[in-house]
Amino acid sequence: MKTNMKLDSIAALCFLAIVIPLGACRSPYDGYGSSLYRQLKKPTPENQAAHLNLLAKVIERADRNQVRPPPGVCAEYGYNLGLLGRTAEATDYLDREVQHYPESETFVSVLKRIVSGRGRILSDQEHSSDSSNDLDRGADR
Amino acid sequence: MKSPWKRRLTTVLCRVLLVLLGAQLFWSCASPDYRALSDYYAVEPKTICVLPARNMTTDAEAPLFYMATIGQPLVYRGYYVMPTPLVADILAREGIDLDGESWTVDPHSMREHFGADALLYVTIEEWDTVYNVLSSSVNVTLDYTLVDTASGETIWTARGTRRVQGGNATSSGNFLADLVVGAIDAAVTAATTDYVPLASELNTEILQSLPPGVYHTDHERLQKEITAWRQESQANQ
């Protein structure tokens, strides 16, 4: 009888040891991969809106928990808002990405140029008649 | 009297706990290759740009769907990862398509324009289903190369495969019936097995061999260990 009780206790402890950490380790992304996949597979307005909502939720949850959102989430959210013409909000979120991750500054500056529709994408020059891009092509890897 | 299911549950849970403890012990005791780590951290990439994957398969959509799988596990390894769909979009605006053309771009140029410390090149070698009449196998094979954009040198490589077997029907003694059942089973397995979760699992598994980045919880401890190893190596010389 005593042995049975001991086994029960061990089983309960094992269960808690496994389940509690799993519950606590909720991904900060919260379904990002599958949402992006749906958007890429069927880029319908509904799927695009759903992905945008998911990004907003990830940012909201991070704000609520007073942690920074995962890398790239503010950038992606801001960029998508910018493509919808919501330029002011887009700029806010793109700036937030740089605040959270200063190493993203160069990349975000490219995104800002696209959403603001000014200049060439990969340089600060204004529109030029030269349509060649700025990315140097080397040998294929 | 203890019921059989309770006893079974107890046994299973105890075994799971033992396996977890064993794994924890193994990982904590395994000594890392400090020389390789030291070389890697001499570069210490912080920002990684994943280029659209090069497709060696017949599935034209594989690189597009693969994009949804790689960002998250790289972030979990402690790196700043530029969102893959945004990188693809910028490249497309520059006239560079998803078909692997981005691989011709000079890494220095990606450092200058994107601020990327490293570029991750992924080749999709397999993204298909192999049928063998009565069985099928869904396969994903990926090859990874991480390149330092400052020097153009390769700093990490890996390769891995994930397979899901299906359709191995047991024999009923009737060859024709077995053939039909097996073929249906194989087709169902192939149709219902999605490549994307397989690719996600493979990414997560393979990226465990990538040294942790600056945002990873193990990074600081590892740096201390490498410093101690360097000092010990110098003292021994």
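Using Cβ contacts closer than 10 Å as the measure, can you line up B:Ile206, B:Ile90 from fewest to most? Walk me through the numbers before you get to the answer.
On the way: B:Ile206 19, B:Ile90 22.
Fewest-to-most ranking of B:Ile206, B:Ile90: B:Ile206, B:Ile90.
Could you list B:Lys46, A:Lys41, B:Lys224 so that the one with the fewest beta carbons within 10 Å of its beta carbon is first and the one with the most is last? Kindly include the intermediate steps, with their values, before the conclusion.
Working: B:Lys46 17, A:Lys41 14, B:Lys224 10.
Ascending number of Cβ neighbours within 10 Å: B:Lys224, A:Lys41, B:Lys46.
With each label modelled as a point 7 angstrom along the Cα→C-beta vector, the B:Thr217-A:Asn53 pair spans 3.2 nm.
Given Cα pairs under 8 Å that are at least 6 residues apart, what percent is the relative contact order of region A:32-116? So the answer I get is 21 percent. The distance from the alpha carbon centre of region B:114-156 to that of region B:66-95 is 14 Å, rounded to a whole number.
Given points 7 Å out from each Cα along the Cα-Cβ axis, report the A:Glu60 to B:Thr104 separation in nanometres with one decimal. The modelled label-to-label distance comes out at 4.6 nm. Remark: spin-label model distance B:Thr227-B:Glu61 equals 5.1 nm, labels positioned 7 Å along the Cα→Cβ axis.
Rounded, prolate or oblate: which fits region A:32-116 when a ≥ b ≥ c are the square roots of the eigenvalues of the alpha-carbon gyration tensor, with rounded for a/c under 1.5 and prolate only if a/b beats b/c?
oblate
Here B:Ile124, A:Ile59 are placed in order of increasing Cβ neighbour count within 10 Å, fewest first, which gives A:Ile59, B:Ile124.
Where a number appears in this text, it was derived from the coordinates with a stated rule and is not lab data. Only a predicted model underlies this, so the values are computations on that prediction, with no experimental measurement involved. Using ideal geometry, Cβ is built from the backbone for each residue, glycine included, and neighbour counts are taken over all protein chains shown.
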